[in-house]
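Let me give you the structure first, and then I'll get to my questions.
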Amino acid sequence: MKKRLYLELENCIGCRSCLAACTQCGGHEERNRNYVYDVNPLVNRQTMPLMCLHCVNPACARSCPAQAIQIHETGAVLSALVEKCIGCQNCTIACPYGIPKFDTEQNLMYKCDLCIDRSKDGIPPMCASVCPTNTLQWLTDEEIEAKQKQFNLDNGKWVTSMPYLEGETNVRVNLPGILQGVTKLF
Amino acid sequence: MESTISTTKKPGLTVNDAFASHFAKSMFLTVAGLAILTFIGTRMFTHIDLNLYGYMVGTIVFIGGFFYRFIAWGERPPTKIFIKKGLKLLFRKSTPKTTTEQLVTYRFIWERGVYRWMQHILIGWGCVLACLVTFPLVFSWMYFTMKENGYYTIVLFGMNVMNVKAEGIIAWFSYNALNIAAIMVIAGVCMVLYRRLKNMQARAEQTFMYDFLPLYLLLFISITGLLLTFQNMVLHGWMQPQMSLIHQFSVIVTLIYLPFGKLAHIPFRPMSVFARNYREHYSEQHMKECKVCGDQFVSVEQSSDVIQVLGVNDIEFNMNDGFNLAELCLPCRRKYRISRFSGVATHQVKVKEANQNANG
Ligand code: HEM
Ligand code: SF4
Ligand code: SF4
């Protein structure tokens with residue numbers, strides 16, 4: 001069954017397990033490919049992970065002159081092919097969320113590939129496997145729909161990815177209720 | 001829809017109008033060029049080695065595939081920009097150095113790992129060496145004539161370049177260039193195969209058709225090539241004509257496959273020099289300042305090129321706050337995203353982005 005990465009951003013406690021796990025995925029050469037941010041660093045301790053959202057019409061791939069960024073049949077937007085990337089960094093400028101990382105020495109871009117070696121076989125990506133707070137989950141569309149019902153507060157304050165993102169994405173994001181003054185029921 | 005036919009130019013006057021398409025023009029010019037070189041090289045077709053004509057046909061088919069693939073590639077908006085501006089910037093002072101690092105010594109692969117660099121040096125330069133010997137022979141641009149006194153004359157493009165002693169060191173290298181190339185490629189391919197079978201980093205993302213097929217093709221060519229020498233020296237030419245055909249066939253298949261798979265990076269890689277020149281040149285011109293923090297993060301040229309390319313693909317990131325996302329530096333863009341999630345203006349908080357390294 002097809003599963004997706006699903007984010008419930010407000011659960012994040014800033015442990016950075018996802019980043020550590022990311023480095024351990026095969027093909028990641030022991031470097032992590034995503035981010036964890038302090039939301040309001042001088043005020044409170046809330047953090048949020050920032051992942052590649054695997055856009056349906058990915059700006060990174062569209063801007064690549066070398067066609068180095070391939071889109072997998074599962075919808076995952078892959079990291080640059082090592083022999084194709086010519087190091088122009090167009091993709092880093094194009095991505096609306098600033099996700100692709102670039103290594104100047106190696107002249108190579110690298111980005112989240114949803115741990116394609118795992119996720120193509122339905123195994124959750126490393127980050128979702130280790131996240132202790134269920135911020136990152138690996139769910140079927142039905143499960144995501146159930147989540148949506150559970151959290152739909154009927155006040156427009158929730159909930160799903162669109163229209164809050166720049167375009168349609170394969171990753172689903174749940175906007176955080178806590179920060180909008182809504183207590184979340186587990 | 002915008003009309004693609006230009007009205008300001010009278011039709012029928014430029015060279016381009018003689019051809020049905022880009023493809024037809026490139027194909028015609030290249031084949032004509034090859035024929036002329038061959039005409040000169042063979043002293044008006046008097047020294048053609050017809051044993052090699054299979055390669056000739058293979059090369060022509062390869063050129064067809066090559067143009068088909070690369071013209072399609074060159075028409076993608078971002079590629080077009082880099083080709084156009086890259087050609088314009090070709091004569092920068094730093095071009096020779098960049099070219100050497102990118103296309104000759106592969107310094108950036110060294111940074112990825114010495115093992116990966118070694119395997120690529122062996123394969124890449126083995127193949128280049130083999131091509132430098134084979135193609136001039138195929139099109140008879142180069143051939144050898146024997147004089148009685150134990151000297152060979154190397155003839156290049158119809159000119160006698162030098163006389164070499166038949167037993168001498170230069171002659172030895174000339175006879176054995178292809179064997180040396182074959183051994184280099186076999187060693188390199190074995191290194192790659194070993195890595196692809198053993199190394200978990202490499203294993204995670206490979207597929208048979210994309211990653212292994214070209215390796216087996218190269219291996220097959222090199223082994224059959226070496227076998228030819230072996231048959232010559234040890235088996236007195238036994239089965240050599242058959243093996244020669246098999247070898248020839250494998251080279252032709254690889255040539256025809258080349259523009260379509262992993263090996264397509266070979267003709268495309270010179271673009272990395274274009275890209276480097278483009279970035280260097282335009283960063284010296286004028287840098288873009290981040291709309292939020294004011295850091296200079298990319299050249300104005302590249303920023304607007306990217307915005308334009310995305311526009312062609314119907315992607316636009318103009319925000320209500322009055323800027324395009326491509327105008328924010330990367331940390332600010334990420335923080336802006338967080339602020340859109342949270343409703344807190346994270347990107348306005350004057351704190352450096354948290355350490356994003358998992359090692360702490
Ligand atoms: C124009 C110069 C060339 C450049 C800049 C270049 C660049 C590259 C790069 C960057 C890689 C990825 C290596 C890695 O990250 O491990 C690669 C892989 C490869 N290249 Fe080249 N290449 C060139 C010429 C050639 C030639 C002439 C051949 C010979 C057929 C060749 C065959 C290969 C093969 C077989 C691989 C795959 C290695 C593997 O499976 O790990 N390359 N090349
Ligand atoms: S979020 Fe950025 S890096 Fe990920 S697919 Fe979209 S454009 Fe590409
Ligand atoms: S840096 Fe590499 S992957 Fe990114 S756009 Fe340029 S060639 Fe493509």
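Please find, within segment A:78-88, the residue that is surrounded by the fewest Cβ atoms within 10 Å (Cβ to Cβ) out of those that are facing another protein chain (nearest Cβ under 9 Å) and within 14 Å of ligand 2 (Cβ to nearest atom).
Going through the qualifying residues, I end up with A:Leu78.
Cβ contacts < 8 Å: first residue part of a strand (DSSP E or B), restricted to segment A:99-120; second residue among the β-branched types (Val, Ile, Thr) and more than 10 Å from ligand 2 (Cβ to nearest atom), any location; separation 6+ or different chain. Result?
These pairs meet every condition: A:Leu108/A:Val82.
Restricted to segment A:105-129, and to residues that are of a type in the set (Asp, Glu) and within 19 Å of A:Thr74 (Cα to Cα), which residue is nearest to ligand 2 (Cβ to nearest atom)?
The selected residue is A:Asp113.
Identify the single condition in (1) in a loop (DSSP other than H, G, I, E, B); (2) surrounded by fewer than 24 Cβ atoms within 10 Å (Cβ to Cβ); (3) within 7 Å of another protein chain (Cβ to nearest Cβ) that A:Asn32 does not satisfy, given that it satisfies every other one.
(2)
Now for a separate question. Listed residues B:Ile154, B:Ile109, B:Ile123; which is buried (at least 17 other Cβ atoms within 10 Å of the Cβ) and touching a His at 6+ places or on another chain (Cβ under 7 Å)?
Details: B:Ile154 fails: touching a His at 6+ places or on another chain (Cβ under 7 Å); B:Ile123 fails: touching a His at 6+ places or on another chain (Cβ under 7 Å).
Result of the check over B:Ile154, B:Ile109, B:Ile123: B:Ile109.
Return the only residue of A:Cys127, A:Cys91 being within 12 Å of chain B (Cβ to nearest Cβ) and either over 18 Å from the mean Cα position of the chain (by Cα) or closer than 29 Å to B:Glu316 by Cβ (or both).
Exactly one residue qualifies, and that residue is A:Cys91.
Can you spot a residue in segment B:216-225 that is surrounded by fewer than 18 Cβ atoms within 10 Å (Cβ to Cβ) and part of a helix (DSSP H, G or I)?
Checking segment B:216-225: at least one residue is surrounded by fewer than 18 Cβ atoms within 10 Å (Cβ to Cβ) and part of a helix (DSSP H, G or I).
So for segment A:45-59 (the condition being touching a strand residue (DSSP E or B) at 6+ places or on another chain (Cβ under 7 Å) and closer than 27 Å to B:Lys85 by Cα), does at least one residue qualify?
Scanning segment A:45-59, I find at least one residue that is touching a strand residue (DSSP E or B) at 6+ places or on another chain (Cβ under 7 Å) and closer than 27 Å to B:Lys85 by Cα, so the answer is yes.
Whether any residue in segment A:47-70 is more than 9 Å from chain B (Cβ to nearest Cβ), surrounded by fewer than 21 Cβ atoms within 10 Å (Cβ to Cβ) and either within 16 Å of ligand 1 (Cβ to nearest atom) or not small (Gly, Ala, Ser) (or both) is what I want to check.
Yes, segment A:47-70 has at least one match.
When residues of segment B:298-316 are filtered for being facing another protein chain (nearest Cβ under 7 Å) and not in a helix (DSSP H, G or I), how many remain?
Total satisfying the criteria: 3.
Which of the residues that make up segment B:88-123 are closer than 30 Å to B:Ala171 by Cα and either within 16 Å of ligand 2 (Cβ to nearest atom) or touching a residue at least 60 places away in the same chain (Cβ under 8 Å) (or both)?
Passing the criteria: B:Leu103, B:Met118, B:Gln119, B:His120, B:Ile121, B:Leu122, B:Ile123.
Spot the failing condition for B:Ala326; the list is (1) buried (at least 20 other Cβ atoms within 10 Å of the Cβ); (2) more than 9 Å from chain A (Cβ to nearest Cβ); (3) free of Cβ contacts under 8 Å to residues at least 40 places away in the same chain, and only one is missed.
(2)
Pick from segment A:71-91 the residues that are under 19 Å from B:Phe108 (Cα atoms) and of a type in the set (S, T, N, Q): which of them is nearest to ligand 1 (Cβ to nearest atom)?
A:Ser79
Sort out which residues of segment B:107-119 are within 16 Å of ligand 3 (Cβ to nearest atom) and touching a helix residue (DSSP H, G or I) at 6+ places or on another chain (Cβ under 8 Å), and write them in order of number. Talk me through it step by step, then tell me what you get.
We begin by selecting, within segment B:107-119, every residue within 16 Å of ligand 3 (Cβ to nearest atom); these are B:108-109, B:111-112.
Listed by number, the residues that qualify are B:Phe108, B:Ile109.
Being within 11 Å of chain A (Cβ to nearest Cβ), more than 12 Å from ligand 1 (Cβ to nearest atom) and not small (Gly, Ala, Ser) is the requirement here; does B:Met209 meet it?
Values: within 11 Å of chain A (Cβ to nearest Cβ): no; more than 12 Å from ligand 1 (Cβ to nearest atom): yes; not small (Gly, Ala, Ser): yes.
So B:Met209 fails the test.
Another question, then. Output the number of residues of segment B:158-179 satisfying the condition of being in contact with a helix residue (DSSP H, G or I) (Cβ under 7 Å, 6 or more places away or on another chain) and under 26 Å from B:Gly124 (Cβ atoms).
Residues that pass the stated criteria total 3.
Under 6 Å between Cβ atoms, at least 6 apart or on separate chains: pull out the pairs that start in segment A:36-65 with a residue that is over 14 Å from B:Ser339 (Cβ atoms) and free of Cβ contacts under 8 Å to residues at least 60 places away in the same chain and end on any residue that is among the aliphatic types (A, V, I, L, M) and within 16 Å of ligand 1 (Cβ to nearest atom).
Sorted first by the residue in segment A:36-65, then by its partner, the pairs are A:Cys60/A:Ile69; A:Ala61/A:Ile69.
Still on this structure, I have one more. How about segment A:89-107: which of its residues are hydrophobic (A, V, I, L, M, F, W, C), buried (at least 24 other Cβ atoms within 10 Å of the Cβ) and near ligand 3 (Cβ under 9 Å from one of its atoms)?
A:Cys91, A:Ile93, A:Ala94 - these are the residues of segment A:89-107 that are hydrophobic (A, V, I, L, M, F, W, C), buried (at least 24 other Cβ atoms within 10 Å of the Cβ) and near ligand 3 (Cβ under 9 Å from one of its atoms).
Now for a separate question. Just to confirm my filter: which helices (runs of 4 or more DSSP H) fall fully inside segment B:72-160 and include at least 2 residues that are more than 14 Å from every other protein chain (Cβ to nearest Cβ), farther than 21 Å from B:Leu255 by Cα and within 16 Å of ligand 1 (Cβ to nearest atom)?
Details: elements: B:77-88, B:95-99, B:107-112, B:114-138.
Of the helices (runs of 4 or more DSSP H) lying wholly inside segment B:72-160, those with at least 2 residues that are more than 14 Å from every other protein chain (Cβ to nearest Cβ), farther than 21 Å from B:Leu255 by Cα and within 16 Å of ligand 1 (Cβ to nearest atom) span B:95-99.
For A:Lys111, indicate whether it is at the interface with another protein chain (Cβ under 8 Å from one of its Cβ atoms) and within 16 Å of ligand 3 (Cβ to nearest atom). Before you say what the answer is, go through the steps one by one.
Working: at the interface with another protein chain (Cβ under 8 Å from one of its Cβ atoms): no; within 16 Å of ligand 3 (Cβ to nearest atom): yes.
Here the answer is no, as A:Lys111 does not meet what is asked.
Of everything in segment A:89-104, what is away from ligand 2 (no atom under 14 Å from the Cβ) and either among the hydroxyl-bearing types (Ser, Thr, Tyr) or touching a Cys at 6+ places or on another chain (Cβ under 7 Å) (or both)? Give them in sequence order. Working first, answer last.
As a first pass, look at segment A:89-104 and keep what is away from ligand 2 (no atom under 14 Å from the Cβ): A:103-104.
Hit for segment A:89-104 is A:Thr104, nothing else.
Quick one: B:Val292 ticks every box in (1) more than 9 Å from chain A (Cβ to nearest Cβ); (2) at pLDDT 90 or above bar one, so which box is it?
(2)
Could you list all residues from segment B:265-280 that are more than 7 Å from chain A (Cβ to nearest Cβ), crowded, with 17+ Cβ neighbours inside 10 Å and hydrophobic (A, V, I, L, M, F, W, C)?
B:Val273, B:Phe274
The values are calculated or read from the model by the stated rules, or taken from the named source; none is laboratory data. Keep in mind the model is a prediction, meaning the values are calculated, not measured. All Cβ positions, glycine included, derive from the backbone under ideal geometry; neighbour counts span all protein chains shown.
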